[in-house]
Amino acid sequence: MAETETVDTDQAPKKGARKPDPMTRAITDMKQAAKHLGEYDVKATPKGRINLHDQRAAAWGREYSEKGTFDALLLSLAFEALGSYEQEQRYALLQLSAVALNQAVALDGRQ
């Protein structure tokens with residue numbers, strides 16, 4: 001007589017769907033917001049205003065260093081982007097975007 005082999009067909013229960021990475025979700029939401037915003041035209045910041053924006057960035061930067069509030073940080077980075085020359089603006093905008101996205105992620109975590 002031949003031996004019969006039994007195979008265990010019980011499978012471990014499947015885990016639930018993986019929670020999406022909060023930053024990935026925020027980036028996806030940002031892309032949707034940009035799509036909803038659509039195309040728009042902008043003109044370059046007048047050179048005379050760049051220095052004024054840079055001064056405001058410095059003032060809000062001091063406020064942030066003293067008080068540490070989110071509005072001071074966001075405004076200092078926004079004015080920094082506005083007060084930047086074209087070759088510096090990309091980096092300033094990425095810093096501003098990073099702070100905004102991190103705050104959106106933090107707000108998602110509080111809900």
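Hey, any idea what % of segment 57-111's accessible area is carbon plus sulfur with a 1.4 Å probe? Please list the in-between numbers first.
On the way: 2060 of 3690 Å².
The nonpolar share, carbon plus sulfur, comes to 56 percent.
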| said: Could you check the spin-label model distance between residue 23 and residue 101? Points 7 Å from the Cα along Cα→Cβ, value in nm. | reply: 0.7 nm
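What FRET efficiency, computed as 1/(1 + (r/R0)^6) with R0 = 30 Å and r the Cβ-Cβ distance, is obtained for residue 74 and residue 15, rounded to the nearest 0.05?
Numbers: r = 38 Å, r/R0 = 1.27.
E between residue 74 and residue 15, to the nearest 0.05, is 0.20.
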| message | Just to confirm, what accessible area per residue do you get for the chain at 1.4 Å probe, in whole Å²? | response | 88 Å²
| said: With a 10 Å cut-off between alpha carbons and a GNM built on the chain, which of 15, 67, 35 moves the most? | reply: 15
| field | Label-point separation in nm, residue 110 to residue 59, each point 7 Å along Cα→Cβ | value | 2.7 nm
| remark: Among 85, 64, 40, the residue with the largest mean-square fluctuation in a Gaussian network model of the chain built from Cα contacts under 10 Å is 40
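Quick check: from the Cα gyration tensor, does the chain come out rounded (a/c under 1.5), prolate or oblate? Present the calculation step by step, with values, prior to reporting the outcome.
Working: a/c = 4.30, a/b = 2.83, b/c = 1.52.
Taking the square roots of the gyration eigenvalues as a ≥ b ≥ c, the chain is prolate.
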| query | 222 nm [θ] for the chain, helices only, -39500 (n - 2.57) per DSSP H run of 4+, per residue, to 500? | reply | -23000 deg cm²/dmol
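What net charge is computed for the residues neighbouring residue 93, neighbours being all others with C-beta under 12 Å from the C-beta of residue 93, Lys and Arg scored +1, Asp and Glu -1? Could the numbers behind the result be given before it?
Details: positive: 90; negative: 80, 86, 88.
With Lys, Arg at +1 and Asp, Glu at -1, the neighbours total -2.
Sum up the charges of everything whose Cβ sits under 13 Å from the Cβ of residue 69, counting Lys and Arg as +1 and Asp and Glu as -1, but leave residue 69 out.
Numbers: positive: 62, 67; negative: 63, 66, 71.
Computed value for this residue: -1.
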| field | Rounded tilt (10° steps) of 47-67 against the dominant C-alpha axis of the chain | value | 60 degrees
| task | Take peptides 94-105, 21-32 and line them up by average Cβ neighbours within 10 Å, highest first, as a rough protection proxy. | result | 94-105, 21-32
| query | Taking the chain as a Gaussian network, where each spring joins two C-alpha atoms under 10 Å apart, which residue of 18, 62, 90 fluctuates the most? | reply | 18
| Under a point spin-label approximation (7 Å from Cα along Cα-to-Cβ), what is the residue 42-residue 88 distance to one decimal in nm? | 1.7 nm
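The values are calculated or read from the model by the stated rules, or taken from the named source; none is laboratory data. The shown structure was predicted, so the numbers you read here are calculated from the model rather than taken from an experiment. For neighbour counting, all protein chains shown are included, and Cβ atoms are generated from backbone atoms with ideal geometry for every residue, glycine included. The accessibility values were calculated without ligands, DNA or RNA, using every heavy atom of the protein model including side chains. Shrake-Rupley method; radii C 1.70, N 1.55, O 1.52, S 1.80 Å.
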